[in-house]
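Here the structure is laid out as structure tokens; the discussion comes afterwards.
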Amino acid sequence: MSGEAFSFNLAETIVKWLDVGIFVLDKNFEVQLWNNFMAHHSCRKSEEIVGKNLFEAFPELPKPWFTKKVNTVFLLNNFSFISWENRPYLFRFAHNRPITGGAEHMYQNCMLLPLKAEHGKPEAVCVMVFDATDTAIAQSLLQEALEAISEISNRDGLTEIYNRRYLENRLSSEFDRTRRYGGTFSMILFDLDFFKKVNDTYGHLAGDQVLIEVAARVKEKLRTSDVLGRYGGEEFILILPETNQEGARVFAERVREAIALEPVIYENITIPVTVSMGVAEYQAGMASYSSMTHQSDLALYASKAAGRNHVTCYEPALEKLAD
Amino acid sequence: MSLPILVVDDSAMARKMLIKSLPADWDVEISQAENGVEAIEAYRAGKAAVMFLDLTMPILDGFGVLEALRKEELNSMVIVVSADIQPVAQERVLSLGAIAFVKKPVSSELISTVLKQYGVI
Amino acid sequence: MSLASLSNDQRDALQELTNIAMGQAGASLAALLDEFVDLSVPRISVVELADLPPALASLVGKTNLVSAVRQSFQGYLRGEAIIIFGEPGCRALADLMGFEGELEESGENELLLDVANVLSGACLGGMMEQIRAFTETNGPAELSFSMPSVMARQVMAEQLIDPKKVKWSHALLLEVNFTIKNRNFIAHLTMLMPEEGIEKIRHITDEFLAAF
């Protein structure tokens, strides 16, 4: 069916009223067509814009970049796209969601189309501007939700420090990074002394309070890049990037003292707390990070054997002690 | 005597397309080669007074053939027939001694124009 | 004949068709970047979906990190083009496109999308041109393209596609490599089409073969 059956030009009328921005540029960036979407959002009428240079009419446009983009369409005779994910907008239009909003402006996807006779070279470029604000808002909400979920899934429910899952991932990535780019890092494995007795004597709620309090005390001592997590039961791990064994030992002593300094008070009960700690440093040639957890475990065992409330650094002689 | 011409392309289809685009009344003896190494062998056997040469081929590509032929004092009219239509590729093959560059897909008009231009037909 | 197979003649014809189309894509890329682009001989295969991840891995090297862009096309042919970039190439691109200094990630993504769009547009456009010229098509043989999007940044090639999430059982894999010497830039263009697309391609190649 052709438009001739109507008293108006079918295609022209649709282009004019389509809820998509449509404008056409010639090789000199002179505007040849400017539909109602463009006119209404820019508050610049078609009569005002057509025949004008685009950049003179809209000096705020990113001229070098957009010129290159349009010229590539002329040169290669190929369509091209602009995504709001890379550039939020081409024209800074307001969006129509003053109430449901959350966005400062209309997010836009654009498509650039070469216009030409069937076998000819492009004579003009048509730019279509799509309102992508809904997608952008939905995506940012989704992103926030995903971040919240990933945060929750990495945290220990009781102490709110990192959990075992996160610790394992972090140890693995820290290990790979150090192996690839050099440098070093250390880990400290520590656990609460006589924790079973705390639970048996004062009950699990008291035990929980001790775990929360210990986590909080260690957290205060952390430097920015240090990672603290609960490895399981009453066991904790500290990951110390860019720290050698001696640095880790000094840090471990500070943590040990901070914990032992004051008892934990739970419902008027005074519960003395101490921890035993094992330190291990990355060594070139280790097969995986589990070598480090093994070594820190041996060192921790030595601290227990030395009477608890103690810090031990791993040394090869400890391997024999374990047998 | 018929003129010995050689069609070099890894694609049988491309060779067929080219042979079909040759002038119908041209008295020629056609040989074919699937890669650069076969092309050089055929050339040495005197089967290539005119050679239609593709550029992208396995084993030895068209650039390699041109370089090898130049070392042997190129004694063949090489017309490069290629889909690689970058201007730099065209300049390169011409500087390596090819007489003309024809872009794929070929047509009888394109081939005739080139052959007439060089007085081959 | 099984769905998954192409005869030698069909494969050869398709390879030549692809070769010509890729030549145009290469020329467009060269014009965009103002560099000479080396084109590989196209490889054609029909793969089962389960074999796709290892096929992609062997294409770009198992241990190499890659970034990838996807773009769907519809109309006369329907499918998805996947353009895979070797990791050092992503950084080389910023240089090639005349951006100096550090680019933000969104800027780098934009370059990948632009280059991917040029490759898939020119290549499929070239194929359609030949299909229009050499075969009898019912109605206008045209394609439209959707906006490309970044599929993955810096992953192993094997992880690009999860076969469990793909509905098609077979895919036509057209591979060509675009390399820029001294720039460490390499891009692989592959096209995936569903079964009926493979059937259509087979039909086109037969017409092609009959025409010559």
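The number of residues in segment C:195-212 that are surrounded by fewer than 18 Cβ atoms within 10 Å (Cβ to Cβ) and under 19 Å from the mean Cα position of the chain (by Cα) comes to 4. Screening the candidates C:152, C:171, C:157 for the property of being under 24 Å from residue C:56 (Cα atoms), surrounded by 14 or more Cβ atoms within 10 Å (Cβ to Cβ), aliphatic (A, V, I, L, M) and at pLDDT 85 or above yields one hit, C:152.
Of the strands (runs of 3 or more DSSP E) lying entirely inside segment A:17-129, those containing at least 1 residues that are more than 13 Å from every other protein chain (Cβ to nearest Cβ) and surrounded by 14 or more Cβ atoms within 10 Å (Cβ to Cβ) are A:21-26, A:31-34, A:108-115.
If the condition is being more than 10 Å from every other protein chain (Cβ to nearest Cβ) and either within 12 Å of the chain's Cα centre (by Cα) or not polar (S, T, N, Q) (or both), then segment B:69-90 contributes B:69, B:70, B:71, B:72, B:73, B:74, B:76, B:77, B:78, B:79, B:80, B:81.
Scanning segment C:26-53 for residues that are of a type in the set (A, V, I, L, M, F, W, C) and either surrounded by fewer than 16 Cβ atoms within 10 Å (Cβ to Cβ) or within 10 Å of chain B (Cβ to nearest Cβ) (or both) turns up C:27, C:29, C:30, C:31, C:36, C:37, C:39, C:41, C:50.
Residues in segment B:1-18 that are farther than 23 Å from residue B:75 by Cβ and more than 14 Å from chain C (Cβ to nearest Cβ): none. From the set of residues in segment A:130-171 that are part of a helix (DSSP H, G or I) and over 21 Å from the mean Cα position of the chain (by Cα), which is farthest from residue A:204 (Cα to Cα)? If we take residues in segment A:130-171 being part of a helix (DSSP H, G or I) and over 21 Å from the mean Cα position of the chain (by Cα), then A:133 is farthest from residue A:204 (Cα to Cα). Selection of segment B:19-61 for residues being within 14 Å of chain C (Cβ to nearest Cβ) and among the basic types (Lys, Arg) yields only B:20. Residue C:63 fulfils the conditions (1) out of contact with any helix residue (DSSP H, G or I) (no Cβ under 7 Å at 6 or more places or on another chain); (2) surrounded by fewer than 19 Cβ atoms within 10 Å (Cβ to Cβ); (3) over 23 Å from residue C:6 (Cα atoms); (4) modelled with pLDDT of 80 or more except for a single criterion, (4). Residues that are within 13 Å of the chain's Cα centre (by Cα), hydroxyl-bearing (Ser, Thr, Tyr) and modelled with pLDDT of 80 or more do occur in segment C:26-44. With respect to the conditions (1) out of contact with any Ser or Thr (no Cβ under 9 Å at 6 or more places or on another chain); (2) more than 14 Å from chain C (Cβ to nearest Cβ), residue B:64 lacks only one, and its number is (2).
Number of residues in segment C:125-155 that are closer than 24 Å to residue C:58 by Cβ and within 14 Å of chain A (Cβ to nearest Cβ) equals 4. When residue B:121 is tested against (1) of a type in the set (Val, Ile, Thr); (2) under 16 Å from residue B:5 (Cβ atoms); (3) assigned to a loop (DSSP other than H, G, I, E, B); (4) within 14 Å of chain C (Cβ to nearest Cβ), exactly one condition is not met: (4). I'd like to verify a number: residues in segment A:88-108 that are under 12 Å from residue A:132 (Cα atoms) and at pLDDT below 85, how many? Number satisfying all stated conditions: 3.
Looking at the structure I just gave you, is residue C:91 modelled with pLDDT under 85 and within 14 Å of chain B (Cβ to nearest Cβ)? So residue C:91 does not fit the description; no. Would you confirm, using the coordinates I've provided, whether residue A:257 is of a type in the set (Asp, Glu) and closer than 28 Å to residue A:179 by Cα? Against the criterion (of a type in the set (Asp, Glu) and closer than 28 Å to residue A:179 by Cα), residue A:257 does not qualify.
When C:17, C:6 are screened for being in contact with a helix residue (DSSP H, G or I) (Cβ under 9 Å, 6 or more places away or on another chain), touching a residue at least 60 places away in the same chain (Cβ under 8 Å), part of a helix (DSSP H, G or I) and not β-branched (Val, Ile, Thr), only C:17 passes.
Candidates are the residues of segment A:130-141 that are surrounded by fewer than 17 Cβ atoms within 10 Å (Cβ to Cβ) and polar (S, T, N, Q); the one that is farthest from residue A:18 (Cα to Cα) is A:140.
Where helices (runs of 4 or more DSSP H) fall entirely within segment A:172-283, those with at least 1 residues that are surrounded by fewer than 18 Cβ atoms within 10 Å (Cβ to Cβ) and of a type in the set (Phe, Trp, Tyr) are at A:195-202.
Inspection of segment A:278-297 finds no residue satisfying the criterion of being aromatic (Phe, Trp, Tyr) and within 25 Å of residue A:206 (Cα to Cα).
The values are calculated or read from the model by the stated rules, or taken from the named source; none is laboratory data. On a predicted model such as this, the values are computed, not experimentally measured, just so you know. Reconstructed Cβ throughout: ideal geometry from the backbone, glycine too, with neighbour counts over all protein chains shown.
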